[in-house]
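K.L.:
Structure incoming, see below.
The values are calculated or read from the model by the stated rules, or taken from the named source; none is laboratory data. On a predicted model such as this, the values are computed, not experimentally measured, just so you know. Backbone-built Cβ (ideal geometry, glycine too); neighbour counts: all protein chains shown. When the accessible area is computed, the model is the full protein with side chains, heavy atoms only, and any ligands, DNA or RNA have been set aside. Shrake-Rupley method; radii C 1.70, N 1.55, O 1.52, S 1.80 Å.
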Amino acid sequence: MATLTLSEKLDQLGARYDELTRELSSGEAVSDSSRFQKIAKQHSELEQIVAKHREYKQIEKDLAGAHQMIVEAEDPEMKQLAHEEEKQLTARKEVVERELKLLLLPKDPNDEKSVIVEIRAGTGGDEAALFAGELFRMYSRFAETQGWKVEILESSPSSLGGLKEVVAAIQGQKVYSKLKYESGVHRVQRVPATETQGRIHTSAATVAVLPEADEIDIKIEAKDLRVDTFCSSGPGGQSVNTTYSAVRVTHIPTGLVVSQQDEKSQIKNRAKAMRVLRARLYELELEKQQAAIGAERRGQIKTGDRSEKIRTYNFPQNRVTDHRIGLTLHQLTDVMDGKLAPLVDALVAHYEAERLEQELAEA
């Protein structure tokens, strides 16, 4: 049996897309919600690839027309216009071809997942805790613009109103695909409110973005857990120190420990702790897979080393710089208000292009 060319495979995907479009409007699919959702998901997965391939084919058709005009036109002005059109179409064809190749790259299986975000104050004391709180606000605002839901799982406030630590779940469509490059050390440069001499201080906070694992992704055996209960501490009313609602879960094989005390219910705290534990165990499993793949392939699934300084937020100059891709924006106020799209999009484009180059080099 003859092997299909890439163009023939793309034509097949287009035919399948048209078939799914018809199925979506059929009475049979509309009356069966589970089937409708399944068809809609397949339809959505193919939509971008099919649209890009059709754009590419249209450009090829337009190029042929422009070339024919160059050959046949007797009017010099018409010939010149056709040359200009051919030049523009050729440039556009190269862009679309690259975009199509990017869409055809194997997807990161975690891209569709929701995430657990862990933000911790680093060097800088109270100023670092204030910055950690501002980072959490920044991600929360960005989540709002994307239609995502933010749920605080654990938090530890500082004396000046910042956050020593916050763990939150961000749920929605393709959250991990957009936030996976946020893991690392975030550095802030500014004059703290407590500074009397007007000197600029440098502080830092760490961010970890973990794909939220389902039970089918990570199976945790009851025998591998030790669950301790204790009285909650901190704000929360009279019941805080009198009921054993706080939970500490220890995963014995790895030594991972997760504590939860934000809820008054022990059951709810345990459920939250298990979500965080599952995400951390899943990350450990991903790290093992990366190590097995080997150093020369790690760049393809790299999501950012949290020990690496990835970004600097300079308040006096209203400047934010991402050191990994050399991008500087003088829009720090907007970024801190959740307008993260320019940074997020640039990071995704950079790492996807890097992955494409690696795929083409190995092809």
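K.L.:
Please return the longest range in the chain lying between exposed loop sites, taking GluC sites (Glu not before Pro), DSSP loop only, at most 15 other beta-carbon atoms within 10 Å, and leaving the sites out.
P.N.:
Values: sites that count: E74, E112, E195, E215, E221, E308.
The longest uninterrupted stretch comes out as 222-307.
K.L.:
Okay, next question. Rounded to the nearest percent, how much of the accessible area of the chain (1.4 Å probe, protein heavy atoms only) is carbon and sulfur?
P.N.:
Here carbon and sulfur together make up 52 percent of the probe-accessible area.
K.L.:
Under 18 Å between alpha carbons, and skipping anything fewer than 8 positions from K272 in its own chain: which lysines qualify?
P.N.:
K113, K149, K219, K264
K.L.:
First check a/c for the range 13-115, with a ≥ b ≥ c the square roots of the eigenvalues of its C-alpha gyration tensor; if it is under 1.5, answer rounded, and if not, answer prolate when a/b is larger than b/c or oblate otherwise.
P.N.:
Oblate, since a/c reaches 1.5 and b/c is not below a/b.
K.L.:
What figure, in Å² to the nearest 10, do you get for the accessible area of V348 with a 1.4 Å probe and non-protein molecules left out?
P.N.:
Per-residue accessible area (V348): approximately 40 Å².
K.L.:
Run the dipole for the range 136-177 about the Cα centre, Lys and Arg Cβ at +1, Asp and Glu Cβ at -1, nothing else charged, and hand back the magnitude in debye, nearest 20.
P.N.:
Roughly 140 debye, rounded to the nearest 20.
K.L.:
Find, among the trypsin sites (Lys or Arg not before Pro) in the range 78-107, those assigned to loop by DSSP (not H, G, I, E, B) with at most 11 other beta-carbon atoms within 10 angstrom.
P.N.:
K107
K.L.:
Then there is this: Run the helix sum for the chain: -39,500 (n - 2.57) per DSSP H stretch of 4+ residues, divided by residue count, reported at 222 nm to the nearest 500 deg cm²/dmol.
P.N.:
Helix-only estimate at 222 nm: -16500 deg cm²/dmol.
K.L.:
Taking K and R as +1 and D and E as -1, what net charge do the other residues with C-beta under 13 Å from the C-beta of D228 add up to?
P.N.:
Values: positive: R226, R248, R270; negative: none.
Net charge around D228: +3.
K.L.:
Residues of the range 152-193 with amide nitrogen under 16 Å from the 7 Å Cα-to-Cβ point of D345?
P.N.:
Counting backbone N atoms under 16 Å from the label point, the list is 178-179.
K.L.:
Is there a quick way to get the dipole size of the chain? I mean about its Cα centre, with the Cβ of Lys and Arg at +1 and of Asp and Glu at -1; what is the value in debye to the nearest 20?
P.N.:
The calculated dipole for the chain is roughly 1660 debye.
K.L.:
Sticking with this one: Given +1 on the Cβ of Lys and Arg, -1 on the Cβ of Asp and Glu, and no further charges, what dipole in debye does the range 310-355 carry about its Cα centre, rounded to the nearest 20?
P.N.:
My answer is approximately 140 debye.
K.L.:
Next up: Rounded to the nearest 0.05, what FRET efficiency do A73 and D111 give with R0 = 56 Å and r taken as the Cβ-Cβ distance? Could you check?
P.N.:
That pair, A73 with D111, gives E of 0.70.
K.L.:
Scan (i) 6, 24, 30, 22, 13, 5, 0; (ii) 5, 17, 24, 23, 16, 9, 4, 2, 0, 0; (iii) 5, 24, 34, 26, 10, 2, 0 for the value of P(r) over Cα pairs in 10 Å bins from 0, in percent calculated from this model and give just the label.
P.N.:
Label of the calculated value: (ii).
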